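What follows is a set of notes on a single structure, which appears directly below.
The values are calculated or read from the model by the stated rules, or taken from the named source; none is laboratory data. Everything numeric here is computed off the predicted structure, so don't read it as measured data. Ideal geometry is used to build each Cβ from the backbone, glycine not excepted, and the neighbour counts take in all protein chains shown. Note: areas computed on protein heavy atoms with side chains; ligands, DNA, RNA excluded. Shrake-Rupley method; radii C 1.70, N 1.55, O 1.52, S 1.80 Å.
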Amino acid sequence: MKRVFYLPVCIGVLLLWSINISAQRKNQRYVDYIHTYHELAVQQMKQHKIPASITLAQGILESGAGTSQLARKSNNHFGIKCGSSWKGRTVRHDDDARNECFRAYRSVKDSYEDHSLFLTRGARYAFLFKLDITDYKGWARGLKKAGYATDPSYANRLITLIEEYELYKYDRSAKKSSGKKSAAQLNPHALYLVNDLAYVVARDGDTFQSLGKEFGISWKKLIRYNDLHKEYTLAQGDRIFLKTKKKHADRNHTLYIVRDGDSMHTISQQFGIQLKSLYQMNRKTPDYVPEVGDRLRLR
């Protein structure tokens, strides 16, 4: 009789032991990082078609789950270096060489957004966007092939993280919400950056409503972000910012000389400056009309 009762107890103990060992293998810092940033990764996936699992795994590896000096002091979660095109804030940090230039961000969200732009605008990563959104192995190997990191085991490390922490489950949300693709999904707007702000260039037929739907932003906010009014009809070539413009231009642009065809609004859009701030910096009233040759402060 004893044998009949002891065997299930032994099995139960073994099961509990194996579960505890599995739980102990999980790095709590990784678990906390995933809990904190998974929604941000999914948001980026929906906007830029980069698997959320890849974004999260790269964030964990590149930032030490948010604990690296680069992440803590500069909000850089993806180890992205300055590059010749970067016009934003910078920080010096030792990596492959001493005192290398890295991008610095005002928030972690900005780091995630720039990571997406870095991949979508980089010609060497273009082939990745032909892969299925759930093909995290293809993405991991492709990133290594394209030279994102020098570590020879980079792809395997990403895949291991994704599988051990089940990050692939976040990619499935893109599949569930796909359905019939709209024109914007089939031909999404390219994102550009000025003054550390993302913007798109309007195409023929665009409306505030269609852009708002594509980027998950209230169309009323888009109007406000761009100092426009609800009766305004978007024209092809209009620059439309996806968040509030700043009070000053970046440090590389301090003064502007007015050219033919300029208005205070077009200048504010060109440099990502709030229209109200542009007037205030130059001590002008809203009825001021700039003339060719006028000198305007941008910061």
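At a glance:
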| read-out | value |
| --- | --- |
| Listed residues ASP114, ASP32, ASP238 arranged by accessible area, highest first, probe 1.4 Å | ASP32, ASP238, ASP114 |
| Accessible surface of HIS248 - all protein chains present, 1.4 Å probe, nearest 10 Å² | 80 Å² |
| Solvent-accessible area per residue for the chain (1.4 angstrom probe, square angstrom) | 59 Å² |
| Computed FRET value (nearest 0.05) for LEU131 with THR160, which takes r as the C-beta separation and R₀ as 25 Å | 0.85 |
| Exposed-site-free run, longest, the chain (rule: chymotrypsin sites (Phe, Trp or Tyr not before Pro); DSSP loop; at most 15 other C-beta within 10 Å) | 1-231 |
| Within the accessible area of the chain (1.4 Å probe), percent carbon and sulfur | 51 percent |
| Average Cα contact separation per residue, the chain, under 8 Å, 6 or more apart, as relative contact order % | 12 percent |
| Formal net charge of residues neighbouring ALA104 (Cβ-Cβ distance under 9 Å; K, R +1; D, E -1) | +4 |
| Per-residue SASA entry for GLU214, accessible area with 1.4 Å probe, Å² rounded to 10 | 40 Å² |
| FRET efficiency, VAL292 to LYS26 (Cβ-Cβ, R0 45 Å, nearest 0.05) | 0.10 |
| For LEU228, net neighbour charge (Lys/Arg +1, Asp/Glu -1) across residues whose Cβ lies under 14 Å away | +3 |
| Probe 1.4 Å - accessible area at LYS220, Å² to nearest ten | 130 Å² |
| GNM flexibility winner over the chain from LEU70, LEU255, LEU131 (Cα, springs under 10 Å) | LEU255 |
| Accessible-area order (highest first, 1.4 angstrom probe) of the listed residues VAL292, VAL108 | VAL292, VAL108 |
| Overall form of segment 69-153 per C-alpha gyration tensor (a/c, 1.5; a/b vs b/c) | prolate |
